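**Q** The structure follows.
The values are calculated or read from the model by the stated rules, or taken from the named source; none is laboratory data. Computed from a prediction, not measured in an experiment: that's the story for all the values here. A quick note on method: Cβ atoms are made from the backbone with ideal geometry, for glycine too, and the neighbour counts reach across all protein chains shown. In case anyone asks, the SASA skips ligands and DNA or RNA and just uses the protein heavy atoms, side chains included. Shrake-Rupley method; radii C 1.70, N 1.55, O 1.52, S 1.80 Å.
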Amino acid sequence: MRYIEPHGHMVSRTTDDYRAMVTAGCAAVCEPAFWAGYDRSSVDGFRDYFRQLTRFEPARAAKYGLPHYSWICLNPKEAEDLVLARDVVAIIPEFLSEPNVLGIGEIGLNRNTRNEVTAFEWHVELAIRHSQLILVHTPHLEDKLKGTRLILDLLCAHREIDPARVIIDHVEEHTIRQVLDRGFWAGITLYPESKSSPPRAVDMLELCGRDRIWLNSACDWGVSDPLAVPKTALEMRRRGYTDDFVDAVLFRNPRQFLSQCPKFQLPGHDAT
Amino acid sequence: MVSKTPPTSKARRLRQRAPMPPTAIVDQGFVAARAMLLDVAAFLDRVERYGAKSDFRCEAMRSAAKFLSDGKPERARRILERLSDPTRAPLAVAPRGAACGAWKKGRK
Ligand SMILES: [Zn+2]
């Protein structure tokens, strides 16, 4: 079996996790910039983190033969301080030409505040200016529905945004249809306690079709499972889905979206 | 909510999935779902014993749980909607703390 982990925060994971993922068939891992669990206090703190995402982490993954890609941004949880946010957004272009950077992400909203909306808009304008793919984080729990609506309205207000080049991540049953209906890609996150479980993820595929959807573990420093994506293949097989279906959802779909960035390459995997 | 997403056609679904008897899906999930249902019941009993019955999160859970047995489809979607913030305007300031999983009007 082959699969792509399109959303994993590997800076928080051990090398044992890299070994387990590769053993399970992982062909590439993509790492969006996110919150460290505490607020960074300066632009230099972000610069160091972006270096970690573009230099150190790809080298660590390469020891296991795993291609590592990243996304750069200031995450919405740190967007309340707009002075710092503006300064961080100003250094992002330094990193967009790095060979493993696929786009701007994971931007989005956290508690749906005006300042978060402002920082989100700055990132969208940056992505438009630099023709970047966009990966969007939608808020947690009771804030997700409202945040998803706001994000979709903000994105659709930009004529230059092609929804086929934007993935809205962490969708659940109450948000997936509005994302797909407006032409965007949808990411289903498999978490042990929140977001989606493997059975619910397969239910959503049955209800909405399997096009323009990827699955991810979003493994980080919290309660999460770096093997959640291949474990969902097991749920598909228990329901009788074919190997081709599993390959389409776990490998070909994320490859289709990510390949819109020419830097995304999978040596050893043919185009079928 | 009316969806514009075309459902995957039945013919395509059949090509993607080997046929299985309807009871197989029950066999696969029943015991696990039974355990989760008992956990919800025991949780609601527990919060009552501890005097937290009227916590807005517990009230929201009891209200959302009614969808489980109303005989209508898309229970998961409707429960999520019931627990969500229905307002539309961005907030002037972030509420204190992290999201908690249920929404209450005017909660800061
Ligand atoms: Zn993430």
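**Q** Carbon and sulfur atoms: what percent of the 1.4 Å accessible area of the protein assembly as shown do they account for?
**A** Roughly 56 percent, rounded to a whole number.
**Q** How much accessible area does A:Lys231 have with a 1.4 Å probe, in Å² rounded to the nearest 10?
**A** In the full protein context, A:Lys231 sits at about 110 Å².
**Q** From the helices alone, meaning DSSP H stretches of at least four residues, give me the mean residue ellipticity at 222 nm for chain B, per-run term -39500 (n - 2.57), in deg cm²/dmol to the nearest 500.
**A** Rounded to the nearest 500, it is -15500 deg cm²/dmol.
**Q** Shape of segment A:1-106 from its Cα gyration tensor (a ≥ b ≥ c, root eigenvalues): rounded if a/c is under 1.5, otherwise prolate when a/b > b/c, or oblate?
**A** prolate
**Q** Counting only chymotrypsin sites (Phe, Trp or Tyr not before Pro) that sit in a DSSP loop (anything but H, G, I, E, B) with at most 15 other Cβ atoms within 10 Å, what is the longest stretch of chain A containing none of them? Kindly include the intermediate steps, with their values, before the conclusion.
**A** Working: sites that count: A:Tyr38, A:Trp221.
In short, A:39-220.
**Q** Follow-up question, since we're still on this one. Leaving out same-chain residues fewer than 8 places away, which lysines sit with a Cα under 23 Å from that of B:Lys104?
**A** In chain and number order, the partners are A:Lys77, A:Lys144, A:Lys146, A:Lys195, B:Lys53, B:Lys66.
**Q** Using only the Cα atoms, work out Rg/Rh for segment B:26-83, with Rh taken as the Kirkwood radius, to two decimals. Provide the component values of the computation, followed by the final result.
**A** Working: Rg = 12.8 Å, Rh = 12.6 Å.
Dividing the radius of gyration by the Kirkwood radius yields 1.02.
**Q** Follow-up question, since we're still on this one. What Kirkwood hydrodynamic radius, in Å, does segment A:36-180 give when the mean of 1/r is taken over all pairs of distinct Cα atoms and then inverted?
**A** Details: mean 1/r = 0.0636 Å⁻¹.
Its Kirkwood hydrodynamic radius stands at 15.7 Å.
**Q** Not counting ligands, DNA or RNA, and with a 1.4 Å probe, what is A:Thr113's accessible surface area in Å² rounded to the nearest 10?
**A** Per-residue accessible area (A:Thr113): approximately 0 Å².
**Q** So for segment B:63-108, Kirkwood radius off the Cα pairs, Stokes-Einstein at 4 °C and 1.567 mPa s: how many µm² s⁻¹?
**A** Answer from the Stokes-Einstein relation: 104 µm²/s.
**Q** Pairs of alpha-carbon atoms within less than 8 angstrom and 6+ residues apart define the contacts here; what relative contact order does segment A:1-121 have, in percent?
**A** Reported relative contact order: 26 percent.
**Q** Quick one: 3J(HN,Hα) in Hz for segment A:227-234, Karplus 6.51/-1.76/1.60 with θ = phi - 60°, rounded, Gly and Pro as x.
**A** 9, 4, 5, x, 5, 6, 4, 4
**Q** Would you grab the residues whose amide H sits under 5 Å from the one on A:Ile107? Only those 5+ places off in sequence or on another chain, please, with H modelled 1.01 Å from N.
**A** A:Leu135, A:His137
**Q** At 4 °C and a viscosity of 1.567 mPa s, what translational diffusion coefficient does Stokes-Einstein give for segment A:156-265, taking Rh as the Kirkwood radius over Cα pairs? Give it in µm²/s as a whole number.
**A** 90
**Q** Would you mind calculating the relative contact order of segment A:3-258 from Cα pairs under 8 angstrom and at least 6 residues apart, reporting the percent as a whole number?
**A** Computed over segment A:3-258, the figure is 19 percent.
**Q** Rg and Dmax in Å for chain A, alpha carbons only: what are they?
**A** 17.2, 53
**Q** Roughly how big is the A-B contact, given as buried accessible area in Å² (both sides, 1.4 Å probe, nearest 100)?
**A** The summed interface area works out to 3200 Å².
**Q** Magnitude of the Cβ-charge dipole of chain B, K/R +1 and D/E -1, about the Cα centre, nearest 20 debye? Before the final figure, lay out the partial values.
**A** Values: 24 positive and 10 negative charges, 100 e Å.
The dipole magnitude comes to about 480 debye.
**Q** Find the relative contact order for segment A:129-212 and round it to a whole percent, using C-alpha pairs within less than 8 Å whose residues are 6+ positions apart.
**A** Relative contact order for segment A:129-212 comes out at 26 percent.
**Q** Here is a further query. Taking amide H positions as placed 1.01 Å from N in the peptide plane, with prolines and chain starts having none, which residues 5 or more places from A:Cys219, or on another chain, fall under 5 Å of its amide H?
**A** A:His9
**Q** Looking at the square roots a ≥ b ≥ c of the eigenvalues of the Cα gyration tensor of chain B, which shape do they give, rounded for a/c under 1.5, prolate if a/b is larger than b/c, or oblate?
**A** Oblate shape, in that a/c is at least 1.5 and b/c is the bigger or equal ratio.
**Q** Roughly how many Å² of A:Met1 are accessible to a 1.4 Å probe, to the nearest 10?
**A** 100
**Q** I've got another one for you. Determine the percent antiparallel among the DSSP beta bridges restricted to the protein assembly as shown, to the nearest 5.
**A** The antiparallel fraction comes to roughly 5 percent.
**Q** Using the Karplus curve 6.51 cos²θ - 1.76 cosθ + 1.60 with θ = phi - 60°, what ³J(HN,Hα) values do you get for each residue of segment A:181-192, in whole Hz, with x for Gly and Pro?
**A** The phi angles translate into 4, 9, x, 7, 7, 10, x, 9, 9, 9, 10, x Hz.
**Q** Then there is this: If amide hydrogens are placed 1.01 Å from N in the peptide plane, which non-local residues have theirs closer than 5 Å to the one on B:Cys100?
**A** The list, which skips near neighbours in sequence, is A:Glu142.
**Q** What are the ³J(HN,Hα) couplings of segment A:125-132, residue after residue, when phi is run through the Karplus curve with 6.51, -1.76, 1.60 and θ = phi - 60°? Round to Hz, x for glycine and proline.
**A** So the Karplus estimates, Gly and Pro as x, are 5, 4, 4, 5, 4, 9, 6, 9 Hz.
**Q** In addition: Who wins for biggest fluctuation among A:Arg177, A:Arg111, A:Arg238 in a Gaussian network model of chain A, springs between alpha carbons below 10 Å?
**A** Taking springs between Cα atoms under 10 Å, the residue moving most is A:Arg238.
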